[in-house]
Structure formats: C-alpha cells, structure tokens
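First comes the structure, then the notes that go with it.
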Amino acid sequence: MKSIVTGGAGFIGSHLVDRLIDEGDEVLVIDDLSSGKEANLADGVRLEELSITDERVAAVVAEFAPDRVFHAAAQISVSVSAREPVTDAKTNILGTLNVLDAVRNAPGEPARFTFVSTGGAMYGEPDTLPAPESLPADPGSPYGASKRAIEVYLPVYERLFGIRHTTLRLANVFGPRQDPHGEAGVVAIFSRAMLAGGELTIFGDGKDERDYVYVGDVVDALVRSAESGGVGPYNVGTGTGTNVNDLFGYLAELCEYTRPANYGPPRAGDIGKISLDSSAIRRDLGWEPQTKLIDGLATTVAWFRDNPG
Ligand SMILES: NC(=O)c1ccc[n+]([C@@H]2O[C@H](COP(=O)([O-])OP(=O)(O)OC[C@H]3O[C@@H](n4cnc5c(N)ncnc54)[C@H](O)[C@@H]3O)[C@@H](O)[C@H]2O)c1
C-alpha cells in the first residue's frame, strides 16, 4: 500500500507513520513542520515540507499516486481559532479542500481518505454522556466548526468525485511525542513540568472531565478506518471521563512530584465535561481501546523522562 499522511511529523501522525511502515506501507509525509518535527520521523521516511494550502500539493499527490490518504495536518489550537478564525479556516477548511482536490485530480482511482476530526470540540456541553454521534453537532469554537465543515464536505466529495472516506472524531489523545509546550495536551504539559519539578496550575476547580485515549489506540482506529467500508463519523474515545484533579494525582505519583497544584481562573471556552460513546466504531470496525489510562500515562511519563525538552 502507498499511504500519504498529512501532518505526519506531528504527534498523532508520526505514530501512525511508524505503524504503517511496520506494516510494509510506502509512506509519504506532507507537513510544513509548523508544530511537527522531522525528528519524529523514522529514518528514510519521505517528507515533503509543504503546507497543505500550497498548490504544489496536487503535483506531489499525483506523482506519489497513494492508495490512501490520512489527513491529520491541522491548526489544532482551540484558542488560536477563537482569536483568528480566518487563520484556522485557511488551514482546516481551505487546506483540507486543497488536499481533497489533489486526491480527486490525481490519475486513477481516488485514494481512500481518512479525516481526523474532533469529538471533544464537536458536541458542545452535552446532557448525555458519554456523547454518541447521534447528538447534534454543536461546536463551541471555530476549530470545531472548521472540522464540522469538512465532515459536511466529505459526503459531497464522495458523491461527486468518488472519494471514499471515513471520519474519526477523536477524544483527548495523549502519549509520547505530544507537544508539552502548547496550551492543550494536559498530560504532556503536566508530565514535563512535574519531571522538571516546576509549578503547575489547574484552570478552574479541577473537576472538568475529559476522555483520555492513548495514541496507540487511536492509530489502531486510523488503520482500521482505511481498511473498512465505514464512513462514520465515528467517535474514538474510552467512554470514561477523568477529572483534572485525578489526572494530576496519577501523574504526580508516576513522576514522584510532591508539590500541590495551584488553581487559576477557568479558561474562556473550556467545557465542563465530555466523554465519547464509541460503540459505533466498536460495532462497525471492531475497534476497542486496549490501553488502560494508568498504563498509557506510565508509558508517556517514561518517554518524557527520557526526552526532557
Ligand atoms: N491531540 C488531540 O487530542 C486531538 C484530538 C482531536 C483531534 N485531533 C486532530 O488530530 C490531528 C493531529 O493533531 P496532533 O495532536 O497530532 O497535533 P500536532 O500539532 O502534533 O500535529 C499536527 C501536524 O500538522 C502539521 N501542520 C499544521 N499545519 C499545517 C499545514 N498548513 N500544512 C502542513 N502541515 C501542517 C504540523 O506541523 C504537525 O506536524 C489534527 O487534525 C487535530 O485536529 C487531535
């Protein structure tokens, strides 16, 4: 199989690239390295350092002639999207359409397209938890809205241009290589700060709940998506919410961190509780999260211990 991974030098994308290489795929990464790193890629993986918004994407895709495209490149920050919705839309809507057009205009049968969407930012603050896909989309940010926009485009591209697709709505993904310097990715931020012995601030009262899913399990869902006829959107989460205070406690123990957390005001736009009902992907693609939260956290902390930075 020939696979393109956009955003393949990033956190989730690079784990997917590792898995595809292990399975014998020929892989091409398209990434502008705005947050991804070449060091995340195994030796010999072909990288086109290019924005997904660049018109040269069409020639790159046509020349490589992929069987499948995993689209993970994105502007990933909810707060950047709230400050600069146009910046977010240029990458997440126009950039994605640019990749889709490259796929439809490439010679031969169009590549199968897997879209990495969001579950955490798709349902607003739902009354039903864990949230099933049948709840109406109600994004609370331009980031969620841009992901939703592509979900709406995809069936249109399938009907008009024959691009078969699957959409995965990911919960809060964590694991090795996640950027600990951003404003999201609490496991990475806490792990790095705790191992460095620094101060830590929890925004709000720490009772906010998120559904933390391990990156290895997400990669498994991505691979299954490309091998299936399922369209989705499929939630990819554990169905269990964990609050920030508990997460802090688990990580403190693993990092042997003894200082108490500081508490700051809640951040604008942060939602209270979210967890995702993933029974649809379990039923259709046989996907099941395999990694217990505490085991995934231990692996992640061990990685940050070996890779301080
Ligand atoms: N991490 C999570 O919890 C989570 C949850 C839901 C959805 N997602 C989605 O998963 C995908 C991967 O996110 P991640 O957490 O690995 O973040 P990441 O920042 O590590 O990965 C994004 C990658 O895309 C690249 N990129 C950004 N803009 C680009 C552009 N214009 N052209 C080419 N490459 C570009 C970055 O350099 C980076 O390598 C994103 O689509 C994100 O929205 C992530």
(message) Under the rule of at least 5 residues apart or a separate chain, name every residue whose amide H is placed under 5 Å from the amide H of Phe113.
(response) Val69, Arg164, His165, Thr166
(message) With angles folded into 0 to 90 degrees, how steeply does helix 142-161 sit against the dominant principal axis of the chain? Use alpha carbons for both and round to 10.
(response) 20
(request) Count the net charge of all other residues whose Cβ sits under 14 Å from the Cβ of Asp306, scoring Lys and Arg as +1 and Asp and Glu as -1. (result) +3
(request) Work through the residues other than Gly204 whose Cβ is under 9 Å from its Cβ and net out their charges, Lys, Arg +1 and Asp, Glu -1. (result) -1
(message) Along each principal axis of its Cα atoms, how long is segment 1-55 end to end? Whole angstroms, biggest number first, please.
(response) 29, 22, 18
(message) I need the shape label for segment 73-169. Rule: rounded when a/c is under 1.5, else prolate if a/b > b/c, else oblate, with a, b, c from the alpha carbon gyration tensor.
(response) oblate
(message) How would segment 116-211 be classified by its alpha-carbon gyration tensor: rounded, prolate or oblate, with rounded meaning a/c under 1.5 and the a/b versus b/c comparison settling the rest?
(response) prolate
(message) With only alpha-carbon pairs counted, each pair once and no self-pairs, how large is the Kirkwood hydrodynamic radius of segment 1-93 in angstroms?
(response) 13.5
(request) Return the percentage of antiparallel bridges among DSSP beta bridges fully within the chain, rounded to the nearest 5 %. (result) 5
(request) Two decimals is fine: what's Rg over Rh for segment 202-309, C-alpha atoms, Kirkwood radius as Rh? (result) 1.03
(request) Tell me what the chain gives for mean residue ellipticity at 222 nm when only DSSP H runs of n ≥ 4 count, each as -39,500 (n - 2.57), the sum divided by the residue total, rounded to 500 deg cm²/dmol. (result) -11500 deg cm²/dmol
(message) Only Cα pairs within less than 10 Å get springs; with that Gaussian network setup on the chain, which residue of Ser228, Ser14, Ser134 has the largest fluctuation?
(response) Ser134
(request) First measure r as the distance between the Cβ atoms of Asp54 and Thr258, then evaluate 1/(1 + (r/R0)^6) with R0 = 41 Å and state the FRET efficiency to the nearest 0.05. (result) 0.25
(message) I'd like the Kirkwood hydrodynamic radius of segment 184-239, using the inverse of the mean 1/r over distinct C-alpha pairs, in Å.
(response) 14.1
(request) Determine the gain in length on full extension of the stretch Lys2-Asp306; use 0.36 nm per residue of separation and subtract their C-alpha separation, reporting nm with one decimal. (result) 106.2 nm
(message) Would you report the distance distribution of C-alpha pairs in segment 268-309 as whole percents per 5 angstrom bin, up to the bin with the largest distance?
(response) 5, 16, 12, 14, 17, 19, 14, 3, 0
(request) State the volume of the convex hull built on the alpha-carbon positions of the chain, expressed per residue in Å³ and rounded to an integer. (result) 120
(request) Go through segment 30-125 and name the GluC sites (Glu not before Pro) that are in a DSSP coil and have 16 or fewer other Cβ atoms within 10 Å of their Cβ. (result) Glu55
(request) Using R₀ = 45 Å, calculate the FRET efficiency as 1/(1 + (r/R₀)^6) where r is the Cβ-Cβ separation of Glu38 and Thr128; round to 0.05. (result) 0.60
(request) Output the Kirkwood hydrodynamic radius of segment 138-292, Cα pairs only, in Å rounded to one decimal. (result) 17.2
(message) Test of understanding: extend the Cα→C-beta vector of Asp22 to 7 Å, then name every residue of segment 215-230 with backbone N under 20 Å from that spot.
(response) 215-228
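Taken together, the values in this text are just the output of simple stated rules run on the coordinates, not laboratory data. This one's a predicted model, so the numbers in the text were calculated from it and none came from an experiment. Methodologically, a virtual Cβ is constructed for each residue, glycine included, from the backbone with ideal geometry; neighbour enumeration extends over all protein chains shown.
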